[in-house]
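> Before I ask anything, here is the structure I am working with.
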Amino acid sequence: MKILTRTIQRFSALIALSAAAASTPASAGFKSPEYRSQTIEVIDIHQHVGDANTMGPLGKSFVLSNLPKWIPMGIKNWSLDTYANLVLQPYTPVFGTRPSCYSAGLSMCGLMAVYAPLTWGTYDNDAIIKILDDLRNRGPNGELSYFFGMASLNIHRFPDAAEEELTNLRTALKHRLMKGIKLAFVHNELPLDDNQFESVYQVARDFGVPVYHHIGTSPIRKMKDFKNDDERNNYLRSADPSGLEWAIAKFPDVPFVLGHMGFDFNKEGVDFSEDVYRLAAKYPNVYLEISAFGLAMYDKDGLFMDGALRRLKNMNLTNRILFGSDASGQPGATGQYVQLTLRSMDRVGYTHEEAAAVMSGNARRIYDLK
């Protein structure tokens, strides 16, 4: 009973603080980050919004499994619902996505639609557009359009209902703030080398927008979770960027953003980063996004981040690196990711101009952000 009372008190305090902050000016505490003693603009292309009700079963189980085992499941579920409604909603004062991004000094943030019913769940294009159209979608100094969006579609409905899904995608991309397409084959366990999805890349070409892919495995699914080699091999086909090469080559005018750099989040020996480097060197329409893998839980000493940024600099690819944090739902983590990225670039010798390209310039260019 004491545990329950203490938990309720903590969440009540959070809610009270959030309500008290509702009258605080939106720009309070906003300060642009600095790199080598100069202000630097930062645009985060990778933020998620939602609530506990929209999460898929594996995603919810993953979050709950990281809570202490001694907490009763009923309290865990209640805590998850309350916490998610605080930190995964865009306009919740103090703890929501926008104040979190403000406190990190971000000038703009990209919100991704999600169609991954088994893992992170579904947060569809209409839900993202509703956020974009909200009168509160303003920057810290009152600028219009702080958030921009990436549309998606339910690839499980291919091929039978493909045209309906494509029509919905086209409709979403007609919105002035929908700037790209987000796909996560790995969360849907569908192979990247399946050319039945060619029509999605045709839509991207028609609208002149980038396509973001989650590349590499996911912390939600471990190789041991699969029943047999066939299931494991199918899963790897959904994570291996080599399977996407046919589309990259066929659509040279479409920017392909390879998210997470093929990182091995579970340290299972299935790192695809070498394939990512190869594709970036070979194809000028390949862009690399550096979200999540630099978090302390995955890269405690910053060695992977340093190695990746150093190698890409040596390959003369700083004009094709994009900053994303994927730190939604973790108070303070977005700002921490900005700082650890800046420190890593400083360690490996990025000039201010190179750092500015990575942190915002490249995103402004390929996502047509004005």
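> Just to check your reading of the model, which residue among 311, 364 is free of Cβ contacts under 8 Å to residues at least 40 places away in the same chain and in a helix (DSSP H, G or I)?
Values: 364 fails: free of Cβ contacts under 8 Å to residues at least 40 places away in the same chain.
From the options 311, 364, the qualifying one is 311.
> If you go through the stretch 33-66, how many residues are within 21 Å of residue 328 (Cβ to Cβ) and either surrounded by 14 or more Cβ atoms within 10 Å (Cβ to Cβ) or at pLDDT 95 or above (or both)? Steps first, please.
Pass one, the stretch 33-66, residues within 21 Å of residue 328 (Cβ to Cβ): 33, 41-66.
If we keep only those that are either surrounded by 14 or more Cβ atoms within 10 Å (Cβ to Cβ) or at pLDDT 95 or above (or both) too, we end up with 33, 41-52, 54-56, 58-60, 62-64.
Number satisfying all stated conditions: 22.
> From the list 216, 180, 149, exactly one residue is surrounded by 19 or more Cβ atoms within 10 Å (Cβ to Cβ), touching a residue at least 12 places away in the same chain (Cβ under 8 Å) and touching a Pro at 6+ places or on another chain (Cβ under 6 Å). Which is it? Reasoning before the result, please.
Numbers: 216 fails: touching a Pro at 6+ places or on another chain (Cβ under 6 Å); 149 fails: touching a Pro at 6+ places or on another chain (Cβ under 6 Å).
One residue alone meets the criteria, 180.
> Testing residue 250 on (1) closer than 15 Å to residue 189 by Cβ; (2) surrounded by fewer than 17 Cβ atoms within 10 Å (Cβ to Cβ); (3) basic (Lys, Arg); (4) in contact (Cβ under 8 Å) with a residue 12 or more places away in the chain, one condition comes back false. Which one is that?
Only one criterion in (1) closer than 15 Å to residue 189 by Cβ; (2) surrounded by fewer than 17 Cβ atoms within 10 Å (Cβ to Cβ); (3) basic (Lys, Arg); (4) in contact (Cβ under 8 Å) with a residue 12 or more places away in the chain is unmet by residue 250, namely (1).
> Next question. Here are the criteria: (1) surrounded by fewer than 23 Cβ atoms within 10 Å (Cβ to Cβ); (2) touching an Asp or Glu at 6+ places or on another chain (Cβ under 8 Å). Tell me which single one residue 322 does not satisfy.
Residue 322 satisfies all of (1) surrounded by fewer than 23 Cβ atoms within 10 Å (Cβ to Cβ); (2) touching an Asp or Glu at 6+ places or on another chain (Cβ under 8 Å) except (1).
> Taking the criterion of being within 22 Å of residue 199 (Cβ to Cβ), crowded, with 20+ Cβ neighbours inside 10 Å and modelled with pLDDT of 95 or more, would at least one residue in the stretch 267-277 satisfy it?
The first filter runs over the stretch 267-277 and keeps only residues within 22 Å of residue 199 (Cβ to Cβ), leaving none.
The answer is no, given that none of the residues of the stretch 267-277 is within 22 Å of residue 199 (Cβ to Cβ), crowded, with 20+ Cβ neighbours inside 10 Å and modelled with pLDDT of 95 or more.
> Take the residues of the stretch 204-213 that are surrounded by 21 or more Cβ atoms within 10 Å (Cβ to Cβ) and in contact with a helix residue (DSSP H, G or I) (Cβ under 9 Å, 6 or more places away or on another chain): which is nearest to residue 236 (Cα to Cα)?
Taking the stretch 204-213 as the starting set, the residues that turn out to be surrounded by 21 or more Cβ atoms within 10 Å (Cβ to Cβ) are 204, 209-213.
Then keep just the ones that are in contact with a helix residue (DSSP H, G or I) (Cβ under 9 Å, 6 or more places away or on another chain); that gives 204, 209-211, 213.
Numbers: 204: 25, 209: 27, 210: 23, 211: 20, 213: 14 Å.
Among them, the one singled out is 213.
> Could you check, for the stretch 123-138, whether at least one of its residues is more than 24 Å from residue 84 (Cβ to Cβ), aliphatic (A, V, I, L, M), buried (at least 18 other Cβ atoms within 10 Å of the Cβ) and out of contact with any Asp or Glu (no Cβ under 9 Å at 6 or more places or on another chain)?
No, the stretch 123-138 contains no residue that is more than 24 Å from residue 84 (Cβ to Cβ), aliphatic (A, V, I, L, M), buried (at least 18 other Cβ atoms within 10 Å of the Cβ) and out of contact with any Asp or Glu (no Cβ under 9 Å at 6 or more places or on another chain).
> Of all residues in the stretch 108-133, how many are of a type outside the set (A, V, I, L, M, F, W, C) and under 14 Å from residue 325 (Cβ atoms)? Write out each step before concluding.
Applying the first criterion (of a type outside the set (A, V, I, L, M, F, W, C)) to the stretch 108-133 yields 110, 115, 117, 119, 121-126, 130, 133.
In the following step, the residues that additionally are under 14 Å from residue 325 (Cβ atoms) were identified as 110.
Qualifying residue count, the stretch 108-133: 1.
> Within the stretch 207-216, does at least one residue satisfy the condition of being under 23 Å from residue 63 (Cβ atoms) and among the small types (Gly, Ala, Ser)?
yes
The values are calculated or read from the model by the stated rules, or taken from the named source; none is laboratory data. Since we're looking at a predicted model, the values are computed, not measured. Cβ coordinates were reconstructed from backbone atoms using ideal geometry, including for glycine residues, and neighbour counts include every protein chain displayed.
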